[in-house]
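Working notes for the structure below.
Quick note: the coordinates plus some simple rules give every number you see, no bench work behind them. Keep in mind it's a predicted model, so treat the numbers as computed, not measured. Here Cβ is always computed from backbone atoms with ideal geometry, including for glycine, and neighbour counts include all displayed protein chains.
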């Protein structure tokens, strides 16, 4: 059973879904509109920074551990999302983990298709370990939806390039298969009030362009996952990307990776983003914080 608050969230998302228009502008404005309801949690500190050509922003709370950092990659189907749309979620994760979080505005499609987002994520990580002077073991990479898939792709890219990996990674409702071969893409349509298969197809085409959907740096489900750091993957049963998370966890475990797969009954895509109103969202964020503390304490 979902809480009354989450029940209302699902109703509102269903109403918005019925009015969905497949366009870049609509995706961006819709996500900005949802985010405008939250703002930034009271007491959060913030500071903008430019990482080469990548805009970014720090969020933290007084007393946060020094030199312990989360690099956050926002969701939005690779075509939408920003620091602003994810500042509430990011700041709450920073507070729950007692760390600093750095949210980056990586380049988005269609203006900047693959591999622009991946390049920017790698640039931000390398900046943290060089200019910011952080040891890899003091960094966690996290992301939601497309940002969750980008988190996995970034880990694979760093490993393949011989760059020391972070202490751990967190993926919230990750989009890991842009070929959309998971059964839940069809079977969960009636349950998912947030995403539709048509939206996934629309976003994927803009990001992939002439590349192959099963390129492991586009769809990390098809990557060799051996050697990756410990992973926390949270996903709800009421989302069409359920199988993207489950299959990634299974393949990572088979490759010897320490994986915590946290499946929440009846939760929607990236339900953690509704912490302003829903207790399930706040509980999930506390679990994220506990996981991160385990590796950054």
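Quote to one decimal, in nm, the extra length available between residue 37 and residue 290 on full extension: 0.36 nm per residue of separation minus the C-alpha distance between them. Stretched fully, the residue 37-residue 290 segment lengthens by 88.4 nm.
Stretched out fully, how many nm does the piece from residue 48 to residue 283 gain, at 0.36 nm a residue minus the Cα gap?
Values: separation 235, 0.36 × 235 = 84.60 nm, distance 2.85 nm.
Fully extending the segment from residue 48 to residue 283 adds 81.7 nm.
Taking 212, 74, 269 as the candidate residues, the one with maximal mean-square fluctuation in a Gaussian network model of the chain, Cα springs under 10 Å, is 212. Set against the 2.2 N^0.38 Å expectation for a compact globular protein, segment 7-85 has a Cα radius of gyration ratio of 1.35.
For the pair residue 12 and residue 187, label points projected 7 Å from Cα toward Cβ lie 3.1 nm apart.
With the helix formula -39500 (n - 2.57) applied to DSSP H stretches of n ≥ 4, the chain reaches a computed 222 nm mean residue ellipticity of -12000 deg cm²/dmol. For the residues 222, 207, 106, a GNM of the chain with alpha-carbon springs under 10 Å puts the largest fluctuation on 222. Its relative contact order, with pairs defined as Cα atoms under 8 Å and 6+ residues apart, puts the chain at 20 percent.
Compute the length gained on full extension between residue 20 and residue 5: take 0.36 nm times their separation in residues and subtract their Cα-Cα distance, giving the result in nm to one decimal.
On the way: separation 15, 0.36 × 15 = 5.40 nm, distance 2.28 nm.
Separation in residues times 0.36 nm, less the Cα-Cα distance, equals 3.1 nm.
Evaluated on segment 4-296, the Kirkwood hydrodynamic radius is 18.6 Å, with distances taken between all distinct Cα atoms. Rounded to the nearest Å, what's the spacing between the alpha carbon centres of segment 8-55 and segment 196-237? Just the number, please. What the calculation gives is 21 Å, centre to centre. Counted over segment 4-296, the DSSP beta bridges are approximately 30% antiparallel.
Each label was represented as a point 7 Å from its Cα along the Cα-to-Cβ direction; for residue 116 and residue 67 these points are 3.6 nm apart.
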